[in-house]
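To start, the structure itself, in structure tokens.
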Amino acid sequence: MNGRPQAPEVAIRRWSAGAWQEAGDRLAAEEPLELLLDGSPLSVVMRTPGSDIELALGLLWAERVVTERAQVREVLVSAESGEEEAALPVRADLLESNRVDVRLAAGGGGGRRPERSFLSSSACGVCGATTVESLALDFAPLAPGPSVRPALLLELAGRLRERQRLFDQTGGLHAAGLFSAADGELELLREDVGRHNAVDKVVGRSLLDDRLPLTGRLLVVSGRGGYEIVQKAVAAGIPLVAAVGAPSSLAVATARRFGLTLVGFLRDGRFNVYSAPERLT
């Protein structure tokens, strides 16, 4: 899906140089998305509109509701959403705006059927898998490699920032960028008001393109490296996550548990490595 989030403009009063000015300001869009599974409500996600199918599928992948692309039979989207998606059978149906209904194939596979609905906000992406122990039931430690040059890693935060189109307009959106570990080429970038939503969109797009697991890729996020970011990276098979901001203690513990290389404070020509430093050579 190639939905483009919009940055709405509002009229404001600005105090500058000792005087009031009438001005316009662009805001980071944030709206609720209701996610349904086979017609039943599952989650309400606060997100920046756009790439909603990717977001829904990425979230279901991280929660192990979907474990392979073939399990997704169709996705029903709002008739008002303007989304376009050719990678799966997608129908516009009589759904209200801001709703996505993922329909799974009959008897379709090894995914976990959620026993309850869960709530995800733009601030917290922890939904079903809330502990390291429960995460370990679904995922094995990541395989060794690839080797990444430290000098290459230093370049990636700048490459991510250069492509943040909506951040330039609003100053209020996070980004997740998927890079090649071999040469640092930016393969995919998504922006959202929530860090974890941006990651879900990257993973969802990769699921649609049959690219999972994402071995040989690096994930760079514009904010802090929280647990939810590491959890989603482990689920997608991403071996290295680099955050512009600080990691959390649970993120570090999870990264060490699964052998994921977690980098923090990737800015100003430096970074810290909190786990699996052997990949940086």
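The values are calculated or read from the model by the stated rules, or taken from the named source; none is laboratory data. Values in this document were obtained by computation on a predicted structure and should not be read as measured data. Every residue, glycine among them, receives a Cβ derived from its backbone with ideal geometry; neighbour counts consider all protein chains shown.
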Fill in: Whichever residue in region 153-200 is closer than 20 Å to Phe271 by Cβ and of a type in the set (S, T, N, Q) and, among such residues, is modelled with the lowest pLDDT
Gln164
Item to complete: Tell me, please, whether a residue that is assigned to a strand (DSSP E or B), surrounded by fewer than 16 Cβ atoms within 10 Å (Cβ to Cβ), at pLDDT 90 or above and touching a strand residue (DSSP E or B) at 6+ places or on another chain (Cβ under 6 Å) can be found in region 24-35.
Response: yes
Fill in: Residue in region 44-54 that is assigned to a loop (DSSP other than H, G, I, E, B) and surrounded by fewer than 19 Cβ atoms within 10 Å (Cβ to Cβ) present
no
Worksheet item: Which one of these is at pLDDT 95 or above and either surrounded by fewer than 18 Cβ atoms within 10 Å (Cβ to Cβ) or outside the structural domain of Val66 (by TED's automatic domain parsing) (or both): Leu250, Leu207?
Response: Leu207
Worksheet item: Looking at this structure, is Phe139 part of a loop (DSSP other than H, G, I, E, B) and either at pLDDT 65 or above or in the same structural domain as Gly225 (by TED's automatic domain parsing) (or both)?
Response: yes
Discussion item. Can you tell me how many residues within region 170-219 are touching a His at 6+ places or on another chain (Cβ under 6 Å) and within 21 Å of Arg69 (Cα to Cα)?
Written reply: 1
Worksheet item: Hey, any hits in region 255-276 for a residue that's of a type in the set (S, T, N, Q) and farther than 25 Å from Ala151 by Cα?
Response: no
Response to the item:
Apart from one, (1) free of Cβ contacts under 8 Å to residues at least 12 places away in the same chain; (2) under 13 Å from the mean Cα position of the chain (by Cα) all hold for Ile53; the odd one out is (1)
